[in-house]
Amino acid sequence: KASGVNAKLIRHYESLGIIPKATRSDAGYRVYSETDVNILSFVKRARGLGFSMKEIKKLVSLWRNRSRASADVKALATEHVKTMEQKIEELQAM
């Protein structure tokens, strides 16, 4: 509930390796960390902005890698902006 992502999608994101497998409570319920919730919220926003799951996985991987250059993140985001601008132009042409 905290992330706004439904349980089925959370399990799907776990299967893709976007978030780690959840730990389990004594009662068998999945337990997610605050970091997991933040990642899930990010994934939801990124999907809403049209990022592919492949792009999102790469962005999350870059976020987890503290030694990465911020230019790597900017390059991926800039490429997505270009793609979206092309789609806008195509829609306007229609």
Estimated [θ] at 222 nm from DSSP helical runs (n ≥ 4, -39500 (n - 2.57)) normalised by residues in the chain, nearest 500: -21500 deg cm²/dmol
The range 7-94, dipole about Cα centre (Lys/Arg Cβ +1, Asp/Glu Cβ -1), debye to the nearest 20: 300 debye
Dipole axis of the range 1-81 (+1 Lys, Arg; -1 Asp, Glu on Cβ), positive-most option in F42, S25, H12: H12
Average accessible area per residue (Å²) across the range 1-93 - probe 1.4 Å, nucleic acids and ligands excluded: 73 Å²
Accessible carbon and sulfur surface of the chain relative to its total accessible area, %, 1.4 Å: 55 percent
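The values are calculated or read from the model by the stated rules, or taken from the named source; none is laboratory data. All values reported here derive from a predicted model rather than from experimental measurement. Using ideal geometry, Cβ is built from the backbone for each residue, glycine included, and neighbour counts are taken over all protein chains shown. We work out accessible area using only protein heavy atoms, side chains counted, and drop any ligands, DNA or RNA first. Shrake-Rupley method; radii C 1.70, N 1.55, O 1.52, S 1.80 Å.
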